[in-house]
Each structure stands twice: as C-alpha cells, then as structure tokens.
Amino acid sequence: MKKFLDFYYAQKRVGKELSMMQQKTQKSNVMLLTKEDDFNFDSWKDILLVDQDYIIELSEMVQQQNTKDSVYTAIINLNSSVDVDVFVVENNKTIMKIDNHSTVNVPVNTNDNVELIVNPKIESAQIGDINLDVEMLNKKLNYKFTAYRFYIDADFNRNGKIEENNTYIRKWKWGYDGEGPVLLNSVFKSDVPKTDFPVEYLSEVNIRKFGPENYPDDFKLILELNEGDANRIRLYLQDDIQTENSGSILGEGTRWTTLENNMFKNNILKLYAQALEYPDRNFDGIVNLRLNFAVEVKADDKKMLIPLYTDESLNPSMVNIQFFVAPWIATPNTQEARKLFVSQLPDNSNIEFVKKAEEIAGIAGVEFEAVPGYLNRNDPWMQDENQMGYSEAANTNLDVVLESPRNRGLDMFPHYGLYGPHFGYVSRSGSSPKCSLDSFGNLDVTPPFTSNGIEYPLGRIIYGGKLPGTAGRRMQRIMRDFLAGQQVQKPLELYTDWLNVGHVDEMLSFVPDKSKDFNMYSTSKGFKLLLGSPKVFYQELCRLEQYGHGDAVIMKDKFWSDGRPMQTTVSDMVNNYSLREINEEFQEKIDYNRELLKKELGLRERYDIIDIPAVFTLEKGRALALIPGMVNMIVLNEHLIIPKPFGPVINGECQIEKYVREQLEPLGLVCHFVDDWSSYHIQEGEVHCGSKVLRKPFDFKWWNSKPELDFDN
C-alpha cells in the first residue's frame, strides 16, 4: 500500500481518477471530493492493515518544500501499545529498524529515496494506539495509527462451501489447480415475490473484521466495485434477502456503499452476491469486490468521502477478491435429453407430428411439452427461437435459455414459458439488419473432443456464415461476440450462406456413438458427425436403377406448398442432369465444411463421419432440401426422430431409410422416421427446426478448462 505524508499530494494523485469516477457513475452511496484543496495537519489519524506495509516517503516531503540543502535530519519517535515493525529504507535497502518507545535521527538526502515502512503485526486494541512522530524542516507531525484486519470470505475452492480467506488479495484462476468464487446470473423476475427469492443461485460472501469496533473520527469503511462492474453485480444483506427489505446494497449502478458497524454480527457481515451480466466482448467475466476506507471531509458545507488507499496497481484497493461470472454453456446431442418442446399450432396443422413426437419421447424416457398456441402464436420454429443451455456454480446448475433476435411468434415462449425463479434467460440483439442466419437453427455445439493435443471438454459452438473473404450473410456480430465471450466453447464458423435458409442444421448433425458399449475394438470418439450428401443420394439411386428399379417412385403423392406435384422416379432423377449438376456444386460446398470440421475437430474420414443421403433444389440462387433433410433430426438419447425421406420403396421398404438404418443402428441408435412433409418440410424446415431439447449439463466443471478468447471482426 502506497501512502504519502502530505495529504494534498495524495489527494492530487488520485483526484483526476476520482473525478472521472463521479462523472461516469450515475448512482452512488458515497460522494467523492474531487477539488484539489490544500490541507495542513499537525496530526494524522490513519488506518493500517496487519502485515501490510504503510509507506511514508520522507524524500517526497523534502522535495515538496523546494529547499536548497541536500541533506536533512528526520527525528522519528515510536510509541505503540501493539507489536509493530518500523523500518527506515533508503533506495530500497533497509538501513535501520526503529524500536518501540525509542527516538532516532534519520538522515534524508534529497538525491535518495528515503522511506519509513510501518507494518503492524497484530490488530489494535484501541483507536490510535500506534503513535509515530516525524519531525523535519521545523515541522512535527504526529501519526495516530489504528491497525485492523479485514478478510472477504467466499467459495474460493468452488466446492459449495465458503472458505475463510486469510490473504488480502485473491485473484481468480482457471484450471484444476485454480481458485476463485463463481457468480450465477440473475433469475429474479419483477413479478416473483421477494419472499420466494431463489437463494440457492446466490453466492455467499462474508466480511470479517478484527480490531476496535469503531473507526477513527472521519473514517468510514466502504465496499466498492470497479467502475465498469457497477451494473454487473448486486449484493444483498443475507438477513434481508427473503424480506420486503431485500433491496441490494451494492451494484445495480451503485459502485460504493458504506458498511456501518451495526451491519456486523459478531464481527462478521454476511452478504449474498449475484451477477447481472454475462461475459462478452467488453467484459471478461472478472468482477472485483474490495474493501476500502474513506476519510470524511467537509467541502462546500457538504460531507464527502475520499477513498484512502490509492495504489494504482490495486486500482484503489485495500482488501480485494475476484469473482468470475459463470458462462452460458450450450449442450450437444450427446448429452442426456431431459425434455422435448414442440409448438402445437392453433390450427392443429402439425398435430400428427406432435402426437408422434410425444410417443417417441415417452419411449426414450424424455419429458414432453406441447407449447400451446397462446405462447407460440402460430410459430412452429422452436429451434429458431431459442437455444437451451445452462450456467453452473459450485453444486448448482441453472437452466438458461438464450433467445435469438428473430422476433417472431415464439418470442412469448422464453419469457412466459421458461423464464422464472429456476430458469434463467439471456438474449442479444444488435441494430444491424437481421437475416435468417440469426435464427438458432444456425447455432449448434459439438460434443467434447480433443484435436491436435488441445482438449475441448465442453465441445465447440458452431454456426454458419459466409465463405471467408467474400460478401454474404453472417450471424449478427453482437451474438458472435456473446458466444465467443463465454470462453469455454470456442466458436467455429462454417460456410452455410450457400443454403437458402442458411442454417447449420440443414447440412449436419451430431449423434452419440454407443458402439464402445458392445465392441471392445471400437475406436469411436463417442459421437459421429452426420453430413448431408448429394453424392451418396445419387450413388444409391444409380445402384437401384442398375438393379432394375428405375421405375420406383420417389416422393409419392407429395405436393409442394404452391401445389406443384413432386412425385418422380429413380430413373427420372438419375437422368435429370441439370439437377445433378447443381447438386455436384452443393456437394463441393458441403465438402468444404467437411474438411474444415476434420481439421478443427480432429475427425477421421472413415471412422468419425457418416454421409446421409440428401438432395437439394435451387431456390433464389441457393440450396433448398428437395426431399426432407434427414440430418435435421431430433436426438433423444439413443432414439432419433428423423424426417421421413419418401424415397423409393422396394419390397415394402424405403431404400433411403434402409441405408440410413444400416449406418446408424450399429452405433446403438434407434431410427424413427416421421412424416413432417406438410407440417415442416414444405415450409423450408424439418423436425429439428420445429423442436427444442433441454439436456443434462456436463459433468465437467467449466472452471477446470483452459479458456480461449477469439473474437472475429
């Protein structure tokens, strides 16, 4: 802790910073003196911290007097009723220790840096029981020090138990050997009674105090936040949290607050802390909470407080701990499914699919909810509206829905169907024009994997955009920044602008691979990447034609949304060279993503990737699924709800379905092909677009990971 003998000089040193703080902080419990008034003191009352250095710069005092002599003598007298070390330091070298109840002469050369270091070894029994006299330049100053110990306790070990913190400064650290408490984001809703406040999502914070009950005259103990953190956190008195007095004492715009003696019970002040903002491009997730003393002065007939400890390296600090705001984490298809949500449209146009989805969810042991019309407002695209995830603190998980910026009928659902005391909510929406890539059919997450020696224990976020170096559509930057800002699921942008809707779920999916459960020689990563493949689709049709099934019907009795008949045959599709040519081009675009995923995820061609038949048509210059896109599936543990492809039927069996079963069933998966032609397909979507799955959080603790910040432009 750096202190100066002359109060004017100390005031000047921090005045500019404090002035800026006051201008930028709209709400504060503490007024700051920002005028550089001159003060003259014959005695000085001050606060010391046990085992912390208090520095009196004798050379600085001499230099301020503009004297011509080069050497002066300081007469130092120490008289203390508690154990305290006082050293004379010249140019960073200790030259003398001053004994208690003694007087010494100290030479002060203006060309040297001479300091007194005062370090109490135990807290004071009474106010002002450490007396230090400094006489120099015909001026005598009497220091009356009072020594205290303060600690801020929290869950530093991240095990759900508050630990006593016996150091003044604690920084947050990642990793298995790391430490630091975690804050969950607010789940408080204005219409939730305060007496029902979910305290299990709050972080406990205790402030312990040792020393005299009161403080020297004009001194106040304050609790403070960094300037940028005032709107990122709020703290409550534990005793008030479930009463009508449960307003926050700090945060929510308030950066400073005084801590009165009556707040402490048996020298302990118990608080709850809660985050109000997720990490993002301009917020790394770290929140500093610190204790400080402020001296009360009068100026312009007003009482004002000036923070006392002003070492910039601690960004004014006396006792400081760091929290980290728990990130939002997305869950992949390999995580256990807990609940399936599907919009039941008011006109019942998708009622058959809703019934079938509920049946399969029951088989899979997954809870099912048909979201009613007043919440979906005739909007079937559940996946596009929201992405389910969670945030985690020690021993506590909170489901959190991330709402997309699409602003359509299902906007009501996250707010009134999910958000509440036990379900969090977050959204991001920018001022730039929206496009279909901002919907969350264009947002997914990979299963955990290791690539090139780098572990991704929570997987990686994936979303689609334009080809690098070209013009095209992208997800809004504000959402990309939010996803990158979570740090634990480094985003990967794929190329999907070639697709009409532009979503990643139009061309890929991840499914669990349970083959290790029954094949000891399996080299599975625990999942497979499924990629839509026009190449495989035409290979299957050519094989069928070669075996004499050219007349087999595809898309039998099916019509497009404009009434066009879609029925065709194997031979007609094989010989439709213009359609084949554009699908060859689309295959090249899929292969671009294939190579990118192989590189970034460490995937092996023969072992980790399965091609699923797909065929596209041209719509407004981009690709649109011609037969239902089967990769756009719902994964409910080992059960897959797959759009029925209406492929050629031979001997009573759809050959496309047969091919898919042959690829997926050896993984321990069960395929359920469901008709979504009218309910979703001809509206340019499939079953994944029309549903949302709430999944079990990871067992892996995110704070044990190695974070990666990678914001794109």
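The values are calculated or read from the model by the stated rules, or taken from the named source; none is laboratory data. Predicted model, so just to flag it, every value in this text is computed and none were measured. Every residue, glycine among them, receives a Cβ derived from its backbone with ideal geometry; neighbour counts consider all protein chains shown. All accessible areas refer to the heavy atoms of the entire protein, side chains included, with ligands and DNA or RNA removed. Shrake-Rupley method; radii C 1.70, N 1.55, O 1.52, S 1.80 Å.
Evaluated with a Cβ-only charge set (Lys, Arg +1; Asp, Glu -1), the chain carries a dipole of roughly 400 debye about its Cα centre, given to the nearest 20.
Full extension of the chain between M412 and I122 yields a length gain of 98.5 nm, computed as 0.36 nm times the residue separation minus the alpha carbon distance. Per atom type, the chain shows carbon and sulfur on 44% of its accessible surface, probed at 1.4 Å.
Length gained on full extension, S81 to N397: 108.6 nm, using 0.36 nm per residue less the C-alpha separation. If R0 is 25 Å, the Cβ-Cβ spacing of I363 and S678 corresponds to a FRET efficiency of close to 0.60. For the range 358-497, the solvent-accessible area with a 1.4 angstrom probe is 34 square angstrom per residue.
Counting only residues at least eight positions apart within a chain, or on another chain, the aspartates and glutamates with an alpha carbon under 19 Å from that of K298 are D6, E36, D37, D38, D42, D46, D217, D218. Of the listed residues D572, D53, the order by accessible area with a 1.4 Å probe, largest first, is D572, D53. Between the beta carbons of E227 and E605, assuming R0 = 45 Å, the FRET efficiency works out to 0.30 to the nearest 0.05.
With every protein chain in place and a 1.4 angstrom probe, the accessible-area ranking of T396, T446, largest first, reads T396, T446. Between I478 and K658, the simple spin-label model (points 7 angstrom out along Cα→Cβ) gives 5.3 nm.
Placing a label point 7 Å from the Cα of W560 along the Cα-to-Cβ direction, the residues of the range 578-592 whose backbone N falls under 19 Å from that point are 578-586. Compactness of the chain was expressed as the Cα radius of gyration divided by 2.2 N^0.38 Å, which yields 1.26. Three principal axis extents describe the C-alpha atoms of the range 537-675; from largest down they are 41, 34, 32 Å. Taken one residue at a time, the phi angles of the range 568-575 give Karplus couplings (6.51, -1.76, 1.60, θ = phi - 60°) of 8, 10, 4, 5, 4, 6, 4, 8 Hz. Gly and Pro are set to x.
Say the cut-off is 25 Å between C-alpha atoms; which of K528/K558; K45/K121; K173/K220 go over it? As for pairs spanning more than 25 Å Cα to Cα, those are K528/K558; K173/K220. What the phi angles of the range 662-679 give under the Karplus curve with 6.51, -1.76 and 1.60, with θ = phi - 60°, is a coupling list of 5, 7, 9, 5, x, 7, x, 9, 10, 9, 10, 8, 10, 6, 10, 4, 7, 6 Hz, glycine and proline written as x.
Compared with the dominant principal axis of the Cα atoms in the chain, helix 351-364 is inclined by about 70°. Longer than 29 Å from Cα to Cα, which of K620/K644; K355/K658; K339/K466 are they? Say none if no pair is. Flagged as over cut-off: K339/K466. The calculated FRET efficiency for the pair S429 and K701, based on their C-beta separation and a Förster distance of 45 Å, comes to about 0.90. Put simply, the amide H of M633, placed in the peptide plane, has neighbours under 5 Å in H688, leaving out anything fewer than 5 places away on its chain.
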